[in-house]
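The values are calculated or read from the model by the stated rules, or taken from the named source; none is laboratory data. Note that this is a predicted model, so its numbers are computed, not measured. In this analysis, Cβ positions are derived from the backbone assuming ideal geometry, glycine residues included, and neighbour counts consider all displayed protein chains. Remember, those area values only see protein heavy atoms, side chains included, never the ligands or the DNA or RNA. Shrake-Rupley method; radii C 1.70, N 1.55, O 1.52, S 1.80 Å.
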Amino acid sequence: MNQQEATRRMEEEIQFFPWFIQNYFRKKSGDQYSSITLYEYAKEYRRFLTWLIQEGFSSATKLPEVTLTEFAALWPEDLEFYKAHLVKAPKILKETTQKRLAENEQPLPLRQNATVQRGITAIRSLFSYLSEAIDRNTGKPYLEHNMMRKVANVKDNKTMAERGAAIEKKLFLDEEALDFLDFIEQHYIQLLESRQAVTAFKKNRIRDLAIISLFLGTGIRLSELVNLNVSDLDLTAGEARVYRKGGKWDMVVISSVAIGYLKSYLTQREKLYQPDEAESALFLTRYRKKAKRIAGGAVEAMVGKYSEAFKIKVSPHKLRHSVATQLYTKTNSLVQVAEQLGQSGTSATTIYTHIAGKKKRDAMNDLWN
């Protein structure tokens, strides 16, 4: 999903919210928060408001009718009750998966801790705003007390080593990343059975290689990649200008592994997709005989298709993990990894110190030799 589509969906969501939550979105949009992040938050607020009504914490019958007074009446125990609700709420699955589980008489899986934590983080951000923003009528904050400060984050029941081991199985490291690109370029076509599939692959192969090489050559996020414009690339300097999560622009270094694929794509972009002069998007697709910016879902499906045929199905986020792990192995610097990934600190990158990898195993095997 690109920023424009996320903005559209966010605006559709918030029109049904109470006025004080709409003010929150105006403030965050003015602070240039990522529209994708705000859309995800909007979904969490819809879930929270619905729960307030269902559980009787609000006398409203519709979401816009939930009042600020009802928010102010919430205590930490009430918010902990909501956290427990998030933990116990079944994970949202595709219809086909739900049907298969039902046929096997298996319970739906609970939401993962990371998903629950996203909901808590969203609610915490809203309460923080409401306890700091000043009501122009009263000259006081909307909320006198921020009760979310008393609500703890969801505990991760996995150790760093366990998480690292799980991630490592889905990484393309060392020569494997280059082998993956070579597989797409030289061998994937041999797996295709229909003429239609071969034709589609040949048309998009140059673009697809440029996309995957850029993931592997930068470690940027899916949203950052699909929102790139042609003008954001400087292949002479080996850099790309990206709009980071949190609404900040950044310059990211592009590894030499991606430069050649990107140059090939740029020389073929207009011929392959015939974009209008006003179309600035870097990566394109054709829809209803018109070139348009490729969607995040299409990129995710494309990465999954190629990676599953090559080794194991992975997401663009796992390619980001691959870059981070490889960079940490080469530099032994969490600061450099954080800077390349566009993260404000190193806390989120410490996972890469716990990914065992071949070097750790070799060291242990040689321990007593």
(request) Please list, in chain and number order, the residues 5+ apart from residue 244 or on another chain whose amide H is under 5 Å from its amide H, with Hs placed from the backbone. (result) 249, 250
(request) Quick one: pull the percent of accessible area on the stretch 189-290 belonging to carbon and sulfur, 1.4 Å probe, ligands and nucleic acids left out. (result) 48
(request) Within the stretch 65-86, find all residues whose amide N lies under 20 Å from a label point positioned 7 Å from the Cα of residue 26 along Cα-to-beta-carbon. (result) 65-69, 71
(message) Going by average Cβ density within 10 Å per residue, which order do the peptides 34-46, 324-336 take, highest to lowest?
(response) 34-46, 324-336
(request) May I ask for the net charge around residue 188, where only other residues with Cβ less than 13 Å from the Cβ of residue 188 are counted and Lys, Arg are +1 while Asp, Glu are -1? (result) -2
(message) Set the bar at 21 Å for Cα to Cα. Now go through 202/263; 170/305; 289/318; 43/169; 202/289 and name every pair that lies beyond it.
(response) 289/318; 43/169
(request) For the stretch 190-264, restrict the atom set to alpha-carbon positions and state the Rg and Dmax in Å. (result) 14.3, 45
(request) Could you go through the stretch 215-226 in sequence order and give the Karplus-derived ³J(HN,Hα) for each residue, using 6.51 cos²θ - 1.76 cosθ + 1.60 with θ = phi - 60°, rounded to whole Hz, and x for Gly and Pro? (result) 4, 6, x, 9, x, 6, 6, 4, 4, 5, 5, 5
(request) Could you order peptides 119-128, 48-57 by the average number of other Cβ atoms within 10 Å of their residues, highest first? (result) 119-128, 48-57
(message) For a test of the definition: using alpha carbon positions, the gyration tensor, and the 1.5 limit on a/c, classify the stretch 167-210 as rounded, prolate or oblate.
(response) prolate
(message) Going by average Cβ density within 10 Å per residue, which order do the peptides 181-187, 203-209 take, highest to lowest?
(response) 203-209, 181-187
(message) With an 8 Å Cα cut-off and a minimum separation of 6 or more residues, compute the relative contact order for the stretch 252-354 in percent.
(response) 14
(request) Using a cut-off of 12 Å between beta-carbons, work out the net charge of the residues near residue 78 (Lys and Arg +1, Asp and Glu -1, residue 78 not included). (result) -2
(request) Within the stretch 32-49, find all residues whose amide N lies under 17 Å from a label point positioned 7 Å from the Cα of residue 60 along Cα-to-beta-carbon. (result) 41-49
(request) Just need the relative contact order of the stretch 163-300 here, percent rounded to a whole number, with Cα pairs under 8 Å and 6+ apart. (result) 21
(request) List every residue whose amide H lies under 5 Å from the amide H of residue 291, counting only residues 5 or more places away in sequence or on a different chain, with H placed 1.01 Å from N in the peptide plane. (result) 276
(request) Please label the shape of the stretch 262-304 as rounded, prolate or oblate, based on the square roots a ≥ b ≥ c of the eigenvalues of the alpha-carbon gyration tensor (a/c under 1.5 means rounded; beyond that, a/b larger than b/c means prolate, else oblate). (result) oblate
(message) In Å², and per residue, what accessible area does the stretch 228-276 have when probed at 1.4 Å with the other protein chains present?
(response) 55
(request) Counting only C-alpha contacts under 8 Å and six or more residues apart, can you give the relative contact order of the stretch 1-53 as a whole percent? (result) 49
